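S.K.: Sharing a structure below in structure tokens format, with a few things to ask.
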């Protein structure tokens, strides 16, 4: 399979017995299905003079203005990265390439953390997780080298890292920070994802790609997200909602189309993936091993691993997910797919919950995604660091959901750490707070803040007494 240049978490992977892959990214996958993977997907980035000049100027301005402090990462560093990525995306005039870029950034981070295996026991085996290491030459990661390459025209994301951020953060941190920024930039309402730093890079990760899930059905979801990564079904359904960004391509993945209704919508991070999953009449498209809906817009699709979250379709029976709508297939029109409420009740319920709410009410989805993203991007780390206002502000590391240094997650279930864990409390409580949030207060530099800012900036470590309700310390 060739590249899905989007947020697709499932590595469209076909075994090729006589095709060796290095972990350096130097070898081109040699099986027939990947013969075109070296064709650049984001062609307009280097072929459009205006786009190329805009992206180069953004990187140059970042390089001029960055205040680099290798010993820490500041809130300003992260906000500048958000601004740069928003500028790069806005500078890509081709809306399809813009979606590919945005989704590709999220896919890069996801393919880094999805090789985590909590069951690794042997010291000789790597636990994986977000460590800045991807087997770029493996077909499971086909196309990611169109996003992460050494040509600044073709790959402005890597140019931004090499020229600006490499001296203050690891590659692993940069991938997670960039994906976090893309999601926050493209969400229609604040999602406020947490970002902690301190991940360590690995130079080599042989065999990590074989842990990535295939898109064949919910057994693949369970094996990767539940059994190896230690997440819950709710987490898995939430993370797959990132399919709302980007699209697949017949020439790269064999799965053509967006998961939402247009290229424009594929540049927005919202709950539309779930609404499309529920509201359309999806039917199998045998020639592509995926699903298509019967409306006039045939430029949309779902994978088996999407459909099975709500419907019991892993047995391969041809059916229609909504016989009340037009499946455009007379043989399937009256053959209603069974729902997955009995076989995957948690996933079934999560899809319905995330799709709920009127209009742009993304609260249920965003709340679950925030929890799942934190867990997935911190897999294998005992402690990471909060962003600081200045590098003189030396906060203690924030405990991550695991124990030990780069050790497996011991259990699945609720991975949200207690809001008070690892906290160094100030000796004198704020006399006004009690169990009520203060309407406003001054930080240590005399700036007026409120509890919305504390939550948005993940500052509960410092301001839990001013915001006990927001920070859950009452």
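The values are calculated or read from the model by the stated rules, or taken from the named source; none is laboratory data. Everything quoted here is computed from the prediction, not taken from an experiment. With ideal geometry, Cβ positions are generated from the backbone for all residues, glycine too; neighbour counts draw on all protein chains shown.
S.K.: Which residues, counting only those in region 158-189, are over 16 Å from the mean Cα position of the chain (by Cα) and part of a loop (DSSP other than H, G, I, E, B)? Reasoning before the result, please.
M.R.: Let us first name the residues in region 158-189 that are over 16 Å from the mean Cα position of the chain (by Cα), namely 158-170, 188-189.
Within region 158-189, 166, 167, 168, 169, 170, 188, 189 meet the criteria.
S.K.: Turning to a different aspect of this structure: One residue is enough: does region 127-137 have a residue meeting the conditions over 28 Å from residue 74 (Cβ atoms) and touching a helix residue (DSSP H, G or I) at 6+ places or on another chain (Cβ under 6 Å)?
M.R.: First pass over region 127-137, keeping only residues over 28 Å from residue 74 (Cβ atoms): 127-128, 135-137.
If we keep only those that are touching a helix residue (DSSP H, G or I) at 6+ places or on another chain (Cβ under 6 Å) too, we end up with 135-136.
Checked against the condition, which is being over 28 Å from residue 74 (Cβ atoms) and touching a helix residue (DSSP H, G or I) at 6+ places or on another chain (Cβ under 6 Å), region 127-137 yields at least one hit.
S.K.: Does region 174-190 contain any residue that is closer than 13 Å to residue 205 by Cβ, modelled with pLDDT of 95 or more and assigned by TED's automatic domain parsing to the domain that holds residue 64? Steps first, please.
M.R.: Filtering region 174-190 down to residues closer than 13 Å to residue 205 by Cβ leaves none.
Taking every residue of region 174-190 in turn, none turns out to be closer than 13 Å to residue 205 by Cβ, modelled with pLDDT of 95 or more and assigned by TED's automatic domain parsing to the domain that holds residue 64.
S.K.: Further question: So residue 93 clears everything in (1) touching a residue at least 12 places away in the same chain (Cβ under 8 Å); (2) within 23 Å of residue 267 (Cα to Cα); (3) in a helix (DSSP H, G or I) except one condition, right? Which one?
M.R.: (3)
S.K.: Scan region 198-223 residue by residue and report those that are over 19 Å from residue 310 (Cβ atoms), assigned to a helix (DSSP H, G or I) and in contact with a helix residue (DSSP H, G or I) (Cβ under 7 Å, 6 or more places away or on another chain).
M.R.: 209, 211
S.K.: Can you tell me which condition residue 153 does not meet? The list is (1) modelled with pLDDT of 85 or more; (2) in contact with a helix residue (DSSP H, G or I) (Cβ under 7 Å, 6 or more places away or on another chain); (3) surrounded by fewer than 20 Cβ atoms within 10 Å (Cβ to Cβ); (4) part of a loop (DSSP other than H, G, I, E, B), and all the others hold.
M.R.: Residue 153 satisfies every listed condition except (1).
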